[in-house]
Amino acid sequence: MIRPLTIICLLISINHPLIYCQQPDYIRGKVIDSKTSLPVPYATIWLKNSEVGIHTNAEGDFRIMNSPEFQSDSLIVTCIGFRRLSLAFTVLKMSEMNNLKLVPNIYGLKEVMVTARKRRLSPEMIIARALRNIKKNYPDKPFSYVSYYRDYLKDSSNYLNLNEAIIQTLDKGFTWASDSSKHRLLEFRKNIDFKRINISPYYDIPGSVHSDISFKQMPLGYVGDQYGNEFFILLAHDAIRNFDKKEFSFVDTLTQSFIKNHRFSAPDGIYDGNTLLYKINFTAKPQLTGDIYQVKGAIFIQPADYSIHRLEYSASFFDSDKKKKGIYNIEIEYGHEPALNSKMCLRYISFNNAFIIPDSTDNNFFKIESGHWVSVEPYKDNLSDLTAVVVFNNEIDSLSAKDRKIYDITIRDVKARIRKIKVDSDTLYLTLFNDNYNVTNDFCRINITGLKDINGNILNKQRDREIRQFRELFVQEYNKPLEFKNDCFIEYMPLDQNCISSSKNADSFWMNTPLKAKEKQQDSENLK
């Protein structure tokens, strides 16, 4: 069962993967806003004659193969809110970053009267019509598409653990649930050009086997981890494809809950090429989010047929210092697809979320340095009960140390009784009642949980490290027949443990690998 992200307050045959080495020659590019020089994320880039397309990433970057068959072709760049750009492939520079500038194409419609049958339509009415028309506007018969998929981590601005794949999806159509679709892995690469760190593929899910500090933990939320399969996690968050089933907070079930859970602004006019769309901004209702969460987004609807072209959705929260911190961000775009009788089909989907793990590089966390037993109570000359002497690397907080509930001392499988607790700077003394213990011959165990040092650091807890997990899918071609030497479908396990379906057609698709640090530096210098 596909289990999408939920904010906590709502309760809502195996082959070894290929190791990435060197790509064939490619041309690097960046799509930027001509007015602001800011990158344009997720712009669509098509080769007019070859009918092959890619998308820029969140930073506006793209790579395109330098194939001889493209030399007589034209490059077409489009993005919602910008004028279409067309240029000859031959004008692209081989060794430098190609900065392609898109001209904004936005018109304010906040005061416009959106009418139908001589009456004004509110934003809610426009969205309601779009939701009712989903089955009409989207494919109801089986179709397939091939996409470039990648997942990676980001620590500040660095790419980590980049995995890339070419995936074929066999979809039965929107009259079927999305989890009835099947997927083939045509190619998979662990990209070693970027740093890789050892990290669990699983998320902390309360009440499940994946509930431990070693798993990835989301701040104020959780995500169903699909048995470590990030590709399935991504598909679970396509609210348009999963329009009639439970989704992420606060979309919930799109056709039933979206309108009642949000407040909407008057529509703005925005163009996708020559196609007019209504952009309607929204926020989740305060009675749902409370004072902690901030949820906002935008939905783009074509008034001619009430098709949904794009959905943007993001959630954040305010920490104890009132600083805004992101939880997750989702961007989904659909468009009319000629290969499917102009039905609305997925162009791309991106989903990223923050999570926290212990920082394995933190070697200065509060911990035990040494420990031993004595049979004389400290600071006294007479024989007394057995005492455990535990030395820490920092001065102990006396208040937390005197809470007897944080200690679990077992000797000979019997729980020992603490008679006295004493703290002296960085040393803890735990004196037990004399029950004829022999710690030399008897098995003994001391567990301490929740003890703090004078700086508030908890025992054995390394500092937290916040990382963002990204998953992105960019469709390159629809309804292309493929021939397979061997055929297998993706299963519920991490993608690198799945089998590869070998197809001679796989070479016709390529991977839009992110730019490395050196290339990004060159990009920055070219923009100056």
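As a proxy for reagent exposure, ranking Glu124, Glu164, Glu472 by other Cβ atoms within 10 Å from fewest up yields Glu124, Glu164, Glu472. Exposure proxy shown here: for Asp291, Asp33, the number of other Cβ atoms within 10 Å sets the order, fewest to most, as Asp291, Asp33. Computed from the C-beta positions of Arg417 and Ile259 and an R0 of 60 Å, the FRET efficiency is 0.45 to the nearest 0.05.
Taking a 31 Å limit on the Cα-Cα distance, which of the listed pairs Lys245/Lys296; Lys322/Lys402; Lys135/Lys480 fall beyond it? Over 31 Å apart, Cα to Cα: Lys322/Lys402. Between Asn99 and Lys30, the built amide H atoms are under 5 Å apart, and every one of these is 5 or more places off in sequence or on another chain.
Taking Lys101 as the anchor, which aspartates and glutamates have their alpha carbon closer than 20 Å to its alpha carbon, excluding any fewer than eight residues away along the same chain? Result set, ordered by chain and number: Asp33, Glu59, Asp61, Asp73, Asp272, Glu519, Asp523, Glu525.
Put in line by how crowded their Cβ is, counting other Cβ atoms within 10 Å and starting with the fewest, Phe174, Phe62 read Phe174, Phe62. Measuring between their Cα centroids, segment 386-401 and segment 45-62 lie 61 Å from each other. The three principal axes of the Cα atoms in segment 143-203 give end-to-end lengths of 41, 24, 19 Å, sorted in falling order. Placing pseudo-labels 7 Å out from each Cα toward the beta carbon at Ile197 and Lys246 gives an inter-label distance of 3.3 nm. Which stretch or stretches of segment 310-332 have amide N atoms under 12 Å from the point lying 7 Å from Asp464's Cα along the Cα→Cβ direction? Residues 317-321, 325-327 qualify, since their backbone N sits under 12 Å from the label point. Here the spin labels are modelled as points 7 Å beyond Cα on the Cα-Cβ line, and at Ala266 and Lys323 they lie 3.9 nm apart.
Values quoted throughout were computed directly from the atomic coordinates according to the rules given, and no laboratory measurement underlies them. Nothing here was measured: the structure is a model prediction, and the numbers come from that model. Glycine gets a Cβ as well: all are built from the backbone with ideal geometry, and neighbour counts include every protein chain shown.
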